[in-house]
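A quick write-up on the structure given underneath.
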Amino acid sequence: MINIVIAVAVAVLSGQLVAQEEKPVPKDSVRVTIPGCTKGYIFTAGRRTPDQPGSVDIPEGLHMRMSGPKKVIAAIKAHEGSMVEITGLVKRGQYNPGGVGIGGGVRITPGPAPTGGSVSANPIAGQLLIDVEGWRTAVGNCPLR
């Protein structure tokens with residue numbers, strides 16, 4: 001009986017591994033793994049822990065807009081309010097913090113040039129994008145809002 005349970009578990013896990021086969025990364029992009037929280041299509045990078053450092057230096061609190069297969073995004077949305085770790089592709093050069101970091105995720109940067117009082121017509125124009133390939137639950141809690 002125990003052998004059957006183990007065989008079924010191995011079959012299920014190996015099926016998931018095959019389904020998560022990585023695609024080649026385009027030359028203008030980089031694959032990242034980031035822990036954090038979601039609300040709708042917005043992913044907020046969370047604090048890194050020594051055992052889960054992530055794959056790039058994305059500061060805590062950075063917001064990114066998620067795109068990807070509907071099934072993957074729906075599964076992530078089902079875990080809204082819980083810490084998750086997403087893996088996906090980000091265009092190189094999309095994130096350039098500039099300015100001076102003063103600690104705690106705070107950075108001082110020069111303001112934008114005056115534009116004559118006009119406001120951008122696209123509310124997500126300056127937002128970072130991540131093409132989500134996969135996700136998993138992570139240790140930690142999301143802040144209550």
Criterion (modelled with pLDDT of 70 or more, surrounded by fewer than 10 Cβ atoms within 10 Å (Cβ to Cβ), closer than 19 Å to Gly134 by Cβ and not β-branched (Val, Ile, Thr)) met by exactly one of Lys91, Lys23:
Lys23
Residue in segment 32-73 that is modelled with the lowest pLDDT, counting only those that are of a type in the set (Lys, Arg) and more than 10 Å from the chain's Cα centre (by Cα)
Arg48
Cβ-Cβ distance below 7 Å, separation of 6 or more or different chains: which pairs start in segment 125-145 with a residue that is surrounded by 12 or more Cβ atoms within 10 Å (Cβ to Cβ) and end on one that is assigned to a strand (DSSP E or B) and modelled with pLDDT under 80?
Ala138/Gln52
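The values are calculated or read from the model by the stated rules, or taken from the named source; none is laboratory data. These numbers were taken from a predicted model, which means no experiment stands behind them. Methodologically, a virtual Cβ is constructed for each residue, glycine included, from the backbone with ideal geometry; neighbour enumeration extends over all protein chains shown.
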